[in-house]
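Every number here is computed from the coordinates shown, using simple stated rules; none is lab data. Keep in mind it's a predicted model, so treat the numbers as computed, not measured. Cβ placement follows ideal geometry from the backbone for every residue including glycine, while neighbour counts extend to all protein chains displayed.
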Amino acid sequence: MIGFAHAGRLLISGAARVAAFSSLVCMALSLTAQPTARATPKLAQFQRPPMGWSSWNSFSNTINSKVIESQAKAMVASGMKKAGYQYVNIDEGWWLGKRDARGNIVVDPEMWPAIAKGERAGDMSNIVRYIHSLGLKAGIYTDAGLNGCGSFYPDLGPGYPGQGSEGHYEQDFLQFAKWGFDYVKVDWCGGDKENLDPAVQYGEIARAITQAEAATGHRLFFSLCEWGKQSPWTWAPNVGGSPADIWRTSGDIVDPIVAGSKNAGRRASYQKMLGNFDKGIHPEAQHTGFYNDPDMMVIGMPGLTDAENRVHMSLWAISGAPLLAGADLETLSDATHSTLTNTEVIAIDQDALGLQAVKVKGDGFGIDVWSKRLAKPGERAVLLLNRTDAKSPIILAPVDVHWKDLGLVGRASVRDLWTGKDMGTFDDHYSATVQRGDAVLLLVRGTDAKWTSVTPRAGQSFTIKTSKCDQSFAPVQILYKNSGEAAAYAELRVNGQMPTRIAFPPSGAAEGIVWAQIQVELPSSGDSEDNVLRFSQLGGTALQVESIKIPRTGPCSVATAASAGN
Ligand code: GLA
């Protein structure tokens, strides 16, 4: 095994950060046939994908204290809170871009009046206190540029200029933390118009958030909203040292549909929702508390059928996506409510491994099979998806899923999560028919295929050979030691691909486990291909990566062999 040298603190300036990066210590991995005997390692704990509600989809920028109070109350009364939803996120429209002479944000006292005795009108901590009094958490919104989306695209709002935080990052994020907010979404309309570099701006913002957290002792979860324009999955995990974050991977599924307004006739679309799901799949970047965000959900809004809403929820669950409802919580139908609160489906989303599903089969005619590895050994969430909608002439499609495609061996049991029925135990595959505009979500419990253990050795780099592999993503289990008190972070680079930053929380004296999924090279000729994995520590306490494990059979047939040199 090998240790990393300290490579600088996380709270560092842009220049210092470059210096820290240049002093990275590369770690090499070597292979041994036998893993060493050791105490049972523990799965590291991370922030799960946030669950809650956002004001944008159903209220646009017509929000005020009354709207937010009613939605927060409805989150509790409807049972959403009991199912795990907790964030009440105030999106664009809460602030009209006004600042005082010292640059402090000034809000309209009529929109945000006192709620309880002794409170001052025009103070956002009033609404935060109210949300917290219900046992919920509060989210707020700004833009990385000088102006915000509401300045350029006013929708139903007044469209005032200056609704962005550029030039005020430290001041604004400190203000959000002082008001008591727990979550901040940072949009990109202003940054986009100014041609700013999102990795730089969001890095600065993450550092401002960390400073605000240190000053107030209050955690502010970071949600980046750059719509996938500059491939945020390649730079957003741990950007600026954030301990957990989410990043949007696409545009909005729907423009806001506000009852009683000129926008009431807008409709959500099944194909648009599927498109956002597809754009949100970047399994190599999703791990250890960092999540792709395919947008707030449109479940229960006009446009999708009840079956399509179940597909939507299934897709967000297998993606491990943030579950942020966009419907008006005061008017949820029974069907919408049961879709949003199915505890077994939510558990798939919130699974402790924090990984995304990968596609294990696609027929090119609208039928896909997706599999998400879950924390319990041998368990997979499997989605049989019919992407065709009501216009399709084919009503039912037969779909098979083979255990070997899921990395399982032997027999496996199957539970249908939407009907709540145990379907039995099956030898090597399961078949179902899936209606157009529908999906079948299964929990498959079987036995994991055997693993190969790969142990690091100093001064060398090593390869994992993949062969007979028709799936490009392979799961890896990373065993490490971090005896410090804070998380350590390292970049994992696979072959010549963009690196991803992985969090390694303190593991005490024992070993910790984190999981990632790597994109392996598929053999173009011959029967095997070399894959080189390298970890480079970014900062935090000293870290030792003890070994990595990769399935020997299953999705990819993996053989291992060492190669000399770096
Ligand atoms: C962008 C974002 C949306 C919402 C609006 C507000 O479009 O993608 O989620 O925040 O801005 O104007």
note = In nm, the gap between the two label points placed 7 Å beyond Cα toward Cβ at residue 416 and residue 450 is 3.7 nm
task = Any aspartates and glutamates with Cα under 13 Å of the residue 481 Cα? List them, leaving off those in the same chain fewer than 8 positions away.
result = 511, 546
task = With a point put 7 Å past each Cα toward its Cβ, work out how far residue 70 is from residue 509 in nm, to one decimal.
result = 5.9 nm
task = For region 161-318, compute Rh as the Kirkwood radius over C-alpha pairs and then the Stokes-Einstein diffusion coefficient at 20 °C and 1.002 mPa s; write the answer in µm²/s, rounded to an integer.
result = 127 µm²/s
query = If one computes the Cα centroid of region 473-511 and of region 327-403, what distance in Å separates the two points?
reply = 29 Å
ask   = Straight-line reach from residue 262: which lysines have a Cα under 24 Å away, not including same-chain ones fewer than 8 places off?
value = 66, 272
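Loop-only check: which GluC sites (Glu not before Pro) in region 94-188 are DSSP coil with at most 11 other Cβ within 10 angstrom? Write down the numbers at each step before the final one.
Working: sites: 110, 119, 166, 170; in loops: 110, 119, 166.
Passing sites in region 94-188 are 110.
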key: Neighbour net charge for residue 160 - beta-carbon separation under 12 angstrom, K R +1, D E -1   = 0
query = So for 213, 511, fewest C-beta neighbours within 10 Å to most, what's the order?
reply = 213, 511
note = Contact order relative to length for the chain, counting C-alpha pairs under 8 Å separated by 6 or more residues, stands in percent at 18 percent
ask   = Efficiency by 1/(1 + (r/R0)^6): what FRET value for residue 133 and residue 200, r their Cβ-Cβ distance, R0 = 56 Å, to the nearest 0.05?
value = 0.90
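Using the 10 angstrom Cβ neighbour count as an exposure proxy, how do 498, 301 rank, fewest first? Before the final figure, lay out the partial values.
Working: 498 14, 301 23.
With the fewest neighbours first, 498, 301 line up as 498, 301.
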ask   = Considering only DSSP beta bridges whose two residues both sit in the chain, what percent are antiparallel, to the nearest 5?
value = 75 percent
ask   = Dipole of the chain (Lys/Arg Cβ +1, Asp/Glu Cβ -1, origin at the Cα centre): which of 393, 277, 161 lies farthest to the positive side?
value = 277
ask   = All other residues with a Cβ under 11 Å from the Cβ of residue 170 taken together, and with Lys, Arg as +1 and Asp, Glu as -1, what is their net charge?
value = -1
remark   = Residues 106, 254, 440 in order from fewest to most other beta-carbon atoms within 10 Å are 106, 254, 440
ask   = Based on DSSP H runs of at least 4 residues, each adding -39500 (n - 2.57), what is the mean residue ellipticity at 222 nm of the chain after dividing by all its residues, to the nearest 500 deg cm²/dmol?
value = -6000 deg cm²/dmol
ask   = Ordered by residue, what ³J(HN,Hα) values in Hz, to whole numbers, does region 173-183 give under the Karplus form 6.51 cos²θ - 1.76 cosθ + 1.60, where θ = phi - 60° and Gly and Pro are x?
value = 6, 5, 4, 4, 5, 5, 5, x, 4, 10, 7
query = Can you give me the Cα centroid spacing of region 144-186 and region 67-135 in angstrom?
reply = 15 Å
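Mind checking the full-extension length gain between residue 171 and residue 108? Use 0.36 nm per residue of separation minus the Cα-Cα distance, one decimal, nm.
20.8 nm
With a Förster radius of 35 Å, plug the Cβ-Cβ distance of residue 120 and residue 261 into 1/(1 + (r/R0)^6) and report the FRET value to the nearest 0.05. Show your work: numbers first, answer last.
On the way: r = 31 Å, r/R0 = 0.88.
The value I calculate is 0.70.
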message = Just to confirm a number: summing +1 for Lys and Arg and -1 for Asp and Glu over residues other than residue 544 whose beta-carbon lies under 11 angstrom from that of residue 544, what do you get?
response = -1
query = In region 219-299, what percentage of the DSSP-assigned beta bridges are antiparallel, given to the nearest 5?
reply = 10 percent
